[in-house]
Structure formats: C-alpha cells, structure tokens
Amino acid sequence: MSSPGWGRRRGPRVVVTAGPTREYVDPVRFLSNESSGRMGFAIARAAARAGCRTTLISGPVTLETPGGVRRVDVVSAREMLAAVREAFEGADALYMCAAVADWRPARRLAGKWRAKDGGSRRVSLELVRNPDILATVARRKGERLVVGFALETGSGLRRARAKMARKGADYIVLNDSSALNARRASVRILGRDGSRRELADQGKDRIARALVKLCVER
C-alpha cells in the first residue's frame with residue numbers, strides 16, 4: 001500500500017520497520033509478542049512530514065498508513081528480512097523498530113496441532129533461530145544511518161550498548177516493557193560515539209521526531 005506524493009519527494013530515503021512478526025505453528029496458532037506498531041508508525045509519519053521518502057515495512061497491526069508513506073505488509077521474520085533487504089538497497093537510513101520474533105517453529109504443521117488429543121499434560125515444541133535482520137543488513141550499510149531498538153526489563157544500558165556494537169548500529173533506542181502497546185514511553189537514545197539522550201514519559205510522536213532528526217541533520 002502507498003499514499004500519494006511519495007514518488008515526488010526529494011529528501012533522504014528512509015526505511016522503517018514496525019509491529020510484531022508472527023511465526024506459525026499451524027494454520028491457527030503462532031508465536032508473537034505485544035508490539036502494537038505505534039512507535040514505528042510514528043517514526044514513519046515523522047519522516048514523511050520531514051520530507052523523507054519513507055518506506056514502512058510492517059508486521060500484522062491494525063494501524064492506518066501515515067500520509068505520504070509507502071507501506072509493505074509482511075507476517076514472518078523471514079518475510080521482513082527480504083523486504084528490508086530490498087528497500088534498504090536504495091535507502092539512506094534504516095529504523096529497525098519492529099519487534100521481530102527471535103525463534104520460529106522448526107516446522108509448520110499443515111493441519112491443526114492436536115497434541116492434547118493424546119492425553120499428555122506436557123508437550124515440546126522445537127524452535128529454530130530466526131535471522132537477525134538488524135545485524136544482517138547493517139553489515140553492508142557503509143555510511144548509511146542504522147538505528148536499532150532494545151527492550152530491556154532492567155536498566156539494560158550495558159546490554160544495549162553491547163547490542164549496538166555487536167549489530168553494527170549507529171544508535172540504539174533503549175526502552176522497557178511499559179512501552180508495549182502504549183502511547184507514551186521513556187527512552188534513552190545511545191550513540192556509537194558515546195552520546196546519550198533521555199526522553200522521559202513522552203508521546204511516541206515526539207520521540208519519533210527526535211529520532212528522525214538523527215537522519216535529517218546527518
């Protein structure tokens with residue numbers, strides 16, 4: 001899906017990912033998380049308003065596409081990776097805001113999983129690791145801007161900085177579980193240059209504008 005005006009823009013080309021991914025066990029069950037997609041959609045909206053040519057790659061959410069934004073809908077982590085690779089090929093910046101499932105079932109059943117019919121009180125589900133989209137794409141980013149996100153249940157500063165270095169991002173946006181499915185959040189924007197900026201209890205639109213400035217000012 002796309003909105004009028006994207007092709008006429010001349011600003012930076014920005015890719016934003018948003019929402020959860022779903023990893024199906026069978027036709028009716030899947031592994032996922034609580035991500036609403038609001039932060040990613042806010043970044044896409046702010047980028048478009050700042051004059052960026054913006055592509056939004058979204059997992060399954062119920063949010064409307066921001067004006068002036070080209071939208072690509074995906075479901076699984078592997079679908080998102082393919083879409084990000086294609087979109088980032090000609091882009092200047094990536095905001096990897098999606099809450100991508102780390103694991104997926106080793107195999108997807110063609111029919112409904114009927115483990116309970118055997119009477120067992122416990123079952124095991126074999127999982128395999130999903131591709132790391134941020135690390136995969138950032139390897140070849142060159143001088144392009146890459147912003148990642150880290151959700152931690154504790155302070156998480158050390159882990160967030162380690163993640164930034166390990167995955168090759170320029171910035172990591174650190175938040176906690178209170179940001180899930182919420183309209184406001186508290187974040188710390190950590191830079192590879194050692195910078196640190198805190199935005200406490202702010203609306204996601206305001207946080208998004210601060211993040212888009214990282215690209216526009218660059």
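The values are calculated or read from the model by the stated rules, or taken from the named source; none is laboratory data. Not measured: the values here are computed from a predicted model. Note that each Cβ is placed from the backbone with ideal geometry, even for glycine, and that neighbours are counted across all protein chains shown.
Of all residues assigned to the range 183-193, at least one qualifies as being crowded, with 18+ Cβ neighbours inside 10 Å, within 30 Å of PHE30 (Cα to Cα) and in contact with a Leu (Cβ under 7 Å, 6 or more places away or on another chain). Within the range 37-89, the set of residues being farther than 18 Å from VAL212 by Cα and charged (D, E, K, R) comprises GLU64, ASP73, ARG78, GLU79, ARG85, GLU86, GLU89. Exactly one residue among ALA179, ALA138, ALA169 is under 18 Å from VAL100 (Cβ atoms), modelled with pLDDT under 90 and of a type outside the set (Asp, Glu), and that residue is ALA179. Which of the numbered conditions does ARG114 fail, given that it passes all the others? Conditions: (1) over 12 Å from the mean Cα position of the chain (by Cα); (2) under 16 Å from THR21 (Cα atoms). Only one criterion in (1) over 12 Å from the mean Cα position of the chain (by Cα); (2) under 16 Å from THR21 (Cα atoms) is unmet by ARG114, namely (2).
Does the range 108-120 contain any residue that is surrounded by fewer than 21 Cβ atoms within 10 Å (Cβ to Cβ) and under 30 Å from ASP193 (Cβ atoms)? Before you say what the answer is, go through the steps one by one.
Keep residues of the range 108-120 that are surrounded by fewer than 21 Cβ atoms within 10 Å (Cβ to Cβ), which gives 108-120.
Retained after the next criterion (residues that are under 30 Å from ASP193 (Cβ atoms)): none.
The answer is no; no qualifying residue exists.
So for the range 113-131 (the condition being β-branched (Val, Ile, Thr), under 30 Å from ASP201 (Cα atoms) and in contact (Cβ under 8 Å) with a residue 24 or more places away in the chain), does at least one residue qualify? No, the conditions are met nowhere in the range 113-131.
For the range 128-162, a residue qualifies if it is within 15 Å of the chain's Cα centre (by Cα), part of a helix (DSSP H, G or I) and crowded, with 17+ Cβ neighbours inside 10 Å, and the qualifying residues are ILE133, LEU134, VAL137, ALA138.
Go through the range 63-98 residue by residue and tally those that are assigned to a strand (DSSP E or B) and under 22 Å from MET164 (Cβ atoms). Total meeting the criteria: 4.
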